[in-house]
Amino acid sequence: MHLADALAARERMTCVVGAGGKKTTMYALASRLDRAVVTASVRIPIPSLEENVETVVVTDDPLAALEGATADDFPLGLVPGRADDVRYHGYENELLDSLAAAHDGPVLVKADGARMRDFKAPSDREPQIPETTDTVLPIASAHVVGEPLDENLVHRPERVAAIAGIGTGDTITADTVAAVLASDDGGLKRVPEGATAIPVVNKVDDAELADVGRDIASKVLERAGDRVERVVLTRLLDEERPVVDVVE
């Protein structure tokens with residue numbers, strides 16, 4: 001299955017949250033979609049954006065920048081300015097709603113941060129998901145299963161522990177990951193009414209991790225009920241076959 005179809009990313013606006021492949025997911029989609037805009041509602045690393053889009057426009061008026069873009073500018077990165085020397089700021093949700101309404105292609109939004117970890121639970125201020133978002137992709141890495149729940153691989157391990165009902169330092173299991181991905185305090189937090197949520201288990205690099213990913217996926221579907229129709233297993237660095245499996 002085509003990555004964009006598996007992740008329902010051909011719709012107007014897709015927000016990517018979680019950890020273990022957010023930016024990779026956005027850029028993999030942007031490279032496969034026509035007229036994709038890549039942006040953020042939170043801070044986004046400068047090098048990763050500049051290296052993965054055709055053009056970056058720093059502007060407080062993204063609608064004007066979009067109107068002035070040519071076909072050669074896409075995938076187009078839009079950001080309001082620099083937060084510091086390594087990150088751009090993100091736009092307010094209402095402005096992203098307007099941007100998505102004005103664009104005739106997909107808008108891909110980084111909607112939270114993870115400090116380069118492979119797994120996380122959101123803070124009280126996260127995620128920043130615009131109201132008119134069509135698809136939300138909560139992401140986690142298969143690599144964390146079997147590892148200790150600590151700050152080496154996990155952003156905010158204490159919040160993960162609270163959601164999953166385990167202790168910090170305990171071993172992360174498939175059920176731990178599923179509990180967070182399927183939780184209203186985790187992967188499904190602030191998903192707008194009517195939006196499609198598609199959890200993604202990334203870094204499924206071999207057959208053993210594929211089994212881990214399918215175990216996570218089945219547990220997510222059990223926990224989430226009708227809020228989640230499918231879970232997608234990915235190996236996003238594989239340009240030819242980034243979709244490993246779709247579990248429904």
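The values are calculated or read from the model by the stated rules, or taken from the named source; none is laboratory data. Keep in mind that what you see is a predicted model, and the values were worked out from it rather than measured. Here the Cβ positions follow ideal geometry from the backbone for every residue, glycine too, while neighbour counts run over all protein chains shown.
Brief remarks follow.
- Criterion: surrounded by fewer than 24 Cβ atoms within 10 Å (Cβ to Cβ) and more than 19 Å from L29 (Cβ to Cβ) - qualifying residue of D60, D104: D60
- Segment 172-194 - residue that is touching a strand residue (DSSP E or B) at 6+ places or on another chain (Cβ under 8 Å) and either among the aromatic types (F, W, Y) or buried (at least 24 other Cβ atoms within 10 Å of the Cβ) (or both) and, of those, nearest to K110 (Cα to Cα): G187
- Test: residue in segment 87-99 that is touching a Leu at 6+ places or on another chain (Cβ under 8 Å), assigned to a loop (DSSP other than H, G, I, E, B) and modelled with pLDDT of 95 or more: yes
- Scanning segment 114-132 for residues that are modelled with pLDDT under 95 and among the hydrophobic types (A, V, I, L, M, F, W, C) yields A114, M116.
- Filter pass, I216 being closer than 16 Å to V16 by Cα, in contact with a strand residue (DSSP E or B) (Cβ under 7 Å, 6 or more places away or on another chain) and either charged (D, E, K, R) or in contact (Cβ under 8 Å) with a residue 40 or more places away in the chain (or both): no
- Residues of segment 195-228 satisfying the condition of being in a loop (DSSP other than H, G, I, E, B) and either β-branched (V, I, T) or surrounded by 13 or more Cβ atoms within 10 Å (Cβ to Cβ) (or both): A195, I198, P199, K203, V204, D205, V228
- Within segment 151-171, considering residues that are touching a Pro at 6+ places or on another chain (Cβ under 9 Å) and part of a loop (DSSP other than H, G, I, E, B), the one surrounded by the fewest Cβ atoms within 10 Å (Cβ to Cβ): G169
- Unique match (being among the β-branched types (V, I, T) and in a loop (DSSP other than H, G, I, E, B)) among V57, V42: V42
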